[in-house]
Amino acid sequence: MAVTISDVAAAAGVSKGAVSLALNGQKGVGEETRNRILAVARGLGWTPSLRAKGLASSRSFAIGLILERDPRLLGTDPFFAGFIAGIETVLAAHEYTLVLAVAHGEAAEAGYRKLAAGRVDGFILTDLRTDDPRVELLKGFGLPAVTLNRPVIDSPFPAVCMDGSESVKEAVRHLVSLGHRRIAHVGGPQGFVHGRGRRLAWTEAMAEAGLEPALFLEADFTAEAGVEATAQLLALAEPPTAIVYANDLMATAGQSKAQTLGFSVPEDLSIVGYDNAEFAQYLNPPLTTIAADPIPWGHEAATALLSLIHGTSTGEDIIMPPPRLIVRASTGPAPVTADA
């Protein structure tokens, strides 16, 4: 059974009010009495509850994360599990909790307003959009916030940045070095900053190689979208000989679909993913991918937010090491019989 203030008061021979004053560092008790109460509390193993700490400090000891994604994606895309695990490693050490919600549109805005009304001390914003209304919304709450990457619009909040643009370009250069010329990109939603950024990187790398960036399909990061986009590309009169996907989930589904359609990977079609999910190395063939580890990203985002909450942050962006290309067996030389 947890030790209560009443237990400490009885053991110390003082009132519960005196115990409360002593444990919260407030005036009203003498120094000798305060030390005796603290010694008794330590001896009994008393620890303050988060609720009591919150009442004393006007904090909730919680942070908010609202994901505006299809709930089905959260159960299949390993990015979110890793990202949340990174957050939790920090919060647990500081006795904070994560308030997680999945919502869209007006429901998401209502969720932010509800959490901002005393339920959380700050927010982490993911999946930034090119014209993201949440930045202005959160500015109005007066609560600390951290964004994943820097928004396109002006933002007063520090960002934890991991720029994958150069890694996407490196993936295209890798394919070009293998002789590929028809290199497609299955991207994420173009309303997302990271979805647009990966497409722009692919476009620039194609242009640098003197190739036309014509084979692009927008998808939604789900396996179903990866299958559909792959089927559309491979049904073209001149299908691509290589496809760069915006995440590993779509790449894995696309690779399976291509093999079902009779394409050999990488002899007929080279595949590149993004994220380096743990399962990527166990595919047949193992997936060439861009390693963007979500666990450190979650760790840094939570650390930055707690620094804001505690008033120790410089307010500057945090720049993380860029993801790296991991070459595995899903990429190989372009088909010799094709005008790749």
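The values are calculated or read from the model by the stated rules, or taken from the named source; none is laboratory data. These figures come from a predicted structure and were not determined experimentally. Note: ideal-geometry Cβ built from the backbone for every residue, glycine included; neighbour counts use all protein chains shown. What goes into the accessible areas is simple: the full protein's heavy atoms, side chains included, and nothing from ligands, DNA or RNA. Shrake-Rupley method; radii C 1.70, N 1.55, O 1.52, S 1.80 Å.
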> Between the stretch 179-241 and the stretch 295-321, what is the C-alpha centre distance in whole Å?
Replying inline: 33
> How far, in degrees from 0 to 90, does helix 294-309 lean away from the longest principal axis of the Cα atoms of the chain, to the nearest 10?
Replying inline: 40
>> Given the DSSP H assignment, sum -39500 (n - 2.57) over each helix run of at least 4 residues in the chain and divide by its residue total; what's the result at 222 nm in deg cm²/dmol, nearest 500?
In response: -13500 deg cm²/dmol
> What is the antiparallel percent of DSSP beta bridges lying wholly in the chain, to the nearest 5?
Replying inline: 15
> Could you give the length gained on full extension between Asp70 and Arg324, defined as 0.36 nm per residue of separation minus the Cα-Cα distance, in nm?
Replying inline: 88.7 nm
> Of the listed peptides 181-188, 313-320, 131-138, 16-23, what is their order by residue-averaged count of other C-beta atoms within 10 Å, with the highest listed first?
Replying inline: 181-188, 16-23, 131-138, 313-320
> What angle do you read, to the nearest 10 degrees and between 0 and 90, between the alpha-carbon axis of helix 193-208 and the longest principal axis of the chain?
Replying inline: 30
>> Considering all projection directions equally, how large on average is the shadow of the alpha-carbon convex hull of the stretch 140-298, in square nanometres?
In response: 10.3
> If one takes the longest principal axis of the Cα atoms in the chain, at what angle in degrees, from 0 to 90 and to the nearest 10, does the Cα axis of helix 105-116 lie?
Replying inline: 30
> Label-point separation (nm) for Ala110 and Phe279, each offset 7 Å from Cα along Cα-to-Cβ?
Replying inline: 3.4
> Which whole-number percentage describes the relative contact order of the stretch 201-330, with Cα contacts under 8 Å and a sequence gap of 6 or more?
Replying inline: 19
> Which of the peptides 321-329, 223-231, 241-249 is most tightly packed, and how do the rest follow, judged by the mean count of other Cβ atoms within 10 Å per residue?
Replying inline: 241-249, 223-231, 321-329
> What are the aspartates and glutamates whose alpha-carbon lies under 13 Å from the alpha-carbon of Lys169, with same-chain residues fewer than 8 places away excluded?
Replying inline: Glu204, Glu208
> At a 1.4 Å probe radius, carbon and sulfur cover how many percent of the accessible area of the stretch 185-263?
Replying inline: 53
>> Just to be sure I understand: with springs between alpha-carbon atoms less than 10 Å apart, which residue in Ala39, Ala214, Ala253 has the highest mean-square fluctuation in the Gaussian network model of the chain?
In response: Ala39
>> Shape verdict for the stretch 232-314, please, from the Cα gyration tensor: rounded (a/c under 1.5), prolate (a/b greater than b/c) or oblate.
In response: prolate
>> Can you compute the modelled spin-label distance between Glu95 and Leu44, with each label point 7 Å from Cα toward Cβ, in nm?
In response: 1.6
>> Taking the solvent-accessible surface of protein heavy atoms with a 1.4 Å probe, what is the per residue accessible area of the chain in Å²?
In response: 46
>> If I build a Gaussian network model for the chain, linking alpha-carbon pairs within less than 10 angstrom, which residue out of Ser60, Ser155, Ser15 has the largest mean-square fluctuation?
In response: Ser15
> For the stretch 160-252, rounded, prolate or oblate, judged on the Cα gyration tensor with a ≥ b ≥ c (square roots of eigenvalues), a/c < 1.5 rounded, else prolate if a/b > b/c?
Replying inline: oblate
